[in-house]
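Read-outs: derived from the displayed coordinates by stated rules, not from any lab. For clarity, every value in this text was computed on a predicted model and none was experimentally measured. Here the Cβ is made from the backbone with ideal geometry for all residues, glycine too, and neighbour counts use every protein chain on show.
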Amino acid sequence: MSDSGKQKVDYSAFPDERGHFGIFGGRFVSETLIYALDELQEIYGKLKENDEFQAEFDRDLAHYVGRPSPLYHAERWSRELGGAQIYLKREDLNHTGAHKVNNTIGQALLAKMTGKSRVIAETGAGQHGVATATVAARLGLKCQVYMGAEDVRRQALNVYRMKLLGAEVIPVESGSKTLKDAMNEALRDWSTNVDDTFYIIGTVAGPHPYPQLVRDFQAVIGREARAQCLDMTGKLPDALVACVGGGSNAIGLFHPFLDDESVAMYGVEAGGDGVETGRHAAPLNDGIPGVLHGNRTYLMEDENGQIIETHSVSAGLDYPGVGPEHSWLKDLGRVNYVAINDNEALAAFRKTTRTEGIMPALESSHALAYAEKLAPTMSKDQIIIVNLSGRGDKDILTVADIDGITV
Amino acid sequence: MSRISQKFAQLKTDGRKALVAYIVNGDPVREATLPTMHKMVEEGVDVIELGVPFSDPMAEGPVIQKGHERALAHGVSLTDTMAVVKEFRKTNQTTPVLLMGYANPVERMGYSVFAEKAAAAGVDGLLTVDLPPEEVESLKTELASRDLDNIFLLAPTTRSERARDIAQHASGFLYYVSLKGVTGAGHLDVDSVKAKLEEFGALTDLPMCVGFGIKDAESASKVARLADGVVIGSVLVDAMSKAGTDSAQVAASVGAIVHDIRQALDNL
């Protein structure tokens, strides 16, 4: 299907009423949760068109998150690479340090409208957990965050941040003890406490309507970037680059540009030890469609349909699935999905830190590493926007550990 | 008429309640499953639900999750599960066996291949936790073409109108999830079960079995009074996990529990 990229698609018409993006998406959950999803879909359907709701969302983004985030021309780095001009969309400058908060602000408003007193979340690197704990603190909601036991160990700093914010972090010991298992446990919790609990999903995956509403909340990234680029350079960018775990920062950047046919898009998956080794987290590069966590999407699985363990230096990309809209955009040929391995991402982390004085998250470093490859193949008057989705403070201990240094 | 429908018709004629029992294929060891199935029948199980191990069993509580993990540790697959049913059918052609699991292993095999192989192995039906009616259409067609029953869940949160739709998609029986939560949870509320069963019972002629949270003869009796049958699972998986790795001992641990619950159901 990848040669069908030239066909005209009305991207704004997806997902359809039942949450499908072509064969992807949908609502594959146990019966207990259907009612809660119907309720969420109905409330969101109303609020989406509601000016007051949108105004409150925009106000929070402006005064609490600090939006718009800057679009920064990385001049020194661009000059060094000798090709396209690289612009960084500075989501790392948001309150809490990543793009995740755009979504939790939106979902917290929904939680408030539904009158639920408790929120739960799953988290990998801990950024979504922190962003959820943050909005919960602000609204006085009880908050519990599920986190794989392995990630609790890898991301100790964020675990403590969540605790300081008043959230309870529940380590998940089942399965591979990472993000996918945290999501299983959050879904189990939601089934049990569905009457008083709002589940704040952190990425554009999960059952409908989550992939849609998380995308809509994150699309502020692309709307701003599009306007900022036009304002600063008088033209649209030639390419967009963003890392893809579940894919919320990428869809947020890409979505407002989908109709701009001249804009190429690159979603960068975690190549781990290298896609060819099988030790990676790149389902769009090396997976097949299947069903997990409420939607049909590309997955990493074995020949029996069992989900397999993923590998990435970056906890936030360490997930065997991906948002269903990305699977659809891959098959349509609209977005190119590539992979960057651990070493390349670590090199980009160091490079961006030393060249631009910006310390990126290891997740975002995957996007930066790909931009580093792409820029020299383009001309100096062309423009690449890279989504710098989060800041790297949380990863300092991981990098130090790799360097053999005890901080 | 399918083997499942025949069984429920017979139970109705006899004035007895159905005892549906769940174990995970290959848990705790591969060799234990077949003797345990035969033991369950011997002690009075009417319908066997054979769990297909899955890496991400999102509707299961900790007890059954561990059952899945133990089975997966020795590589038990959907294909293996069908093979066990085929073995079972060599000596038992009357007890219905349905497979219970999650969508992805079935997706991976392919719906058409699944239906063909399952029917050939002597499987009678399928319950996929994460395939609600709105996503099941193409699988349903394949199952129907092989006379396999499609078992659906109803939940405490299911509204009447939706329950009517689900009943129209379902065959064999309907499985009412007695509580909001995961398998093996401990907060069964008999009064709320009663109210929902009365509501749903008016919408369909399909037999209604109740599961999740039934852990002994007492809770089984309370619920069985309200329904056509009960489903037990976690209590068996828990006992099997403590019975060691000897197949006869594993089967015996299940047999004892089944025996008690069967007696209680027959003495209602």
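Tabulated values for the structure
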quantity	calculated
If the convex hull is drawn through the Cα atoms of segment A:291-346, its volume per residue in Å³	102
Compactness of chain B as Cα Rg over 2.2 N^0.38 Å, two decimals	0.91
GNM top mover of A:TYR11, A:TYR266, A:TYR298 - chain A, alpha-carbon springs below 10 Å	A:TYR11
Choice from A:GLU224, A:GLU31, A:GLU173 showing the highest fluctuation, given a GNM over chain A with Cα pairs closer than 10 Å	A:GLU31
Rule-of-thumb Rg ratio for segment A:129-193 [Cα; 2.2 N^0.38 Å; N residues]	1.07
For A:GLY305, net neighbour charge (Lys/Arg +1, Asp/Glu -1) across residues whose Cβ lies under 9 Å away	-3
Neighbourhood net charge (10 Å Cβ-Cβ; Lys/Arg +1, Asp/Glu -1) for A:ALA361	-3
Average other protein chain Cβ within 10 Å of Cβ, residues B:102-114	4
Overall dimensions of chain A as given by Cα atoms, namely Rg and Dmax in Å	19.5, 57
Selected from A:SER78, A:SER312, A:SER12 as most flexible by GNM, with chain A as the system and alpha-carbon contacts under 10 Å	A:SER12
Rg over Rh [alpha-carbon atoms, Kirkwood Rh] for segment A:174-256	1.13
Relative contact order %, segment A:155-254, counting alpha carbon pairs below 8 Å whose residues are six or more apart	21
Local electrostatic count, A:THR197, Cβ distance below 11 Å [Lys/Arg +1, Asp/Glu -1]	+1
Partners for A:LYS89 among lysines (Cα-Cα distance below 27 Å; same-chain residues under 8 apart left out)	A:LYS48, A:LYS100, A:LYS235, A:LYS330, A:LYS351, A:LYS373, A:LYS380, A:LYS394
Kirkwood estimate for segment A:31-136, i.e. one over the average of 1/r between Cα atoms, Å	16.0
Exercise: per-residue mean of other protein chain Cβ atoms within 10 Å, A:172-182	2
Reachable lysines, given that their alpha-carbon falls under 22 Å from the alpha-carbon of B:LYS215 and they are not under 8 places away in the same chain	B:LYS17, B:LYS39, B:LYS66, B:LYS180, B:LYS194, B:LYS196, B:LYS242
Translational D in µm²/s for segment A:94-252 (Stokes-Einstein at 37 °C, 0.692 mPa s, Kirkwood Rh from C-alpha pairs)	205
Once exposed loop trypsin sites (Lys or Arg not before Pro) are cut out (DSSP; at most 13 other Cβ, 10 Å), longest piece of chain A	A:19-234
Mean Cα-pair separation over length for chain A, i.e. relative contact order, pairs under 8 Å, 6 or more apart, %	21
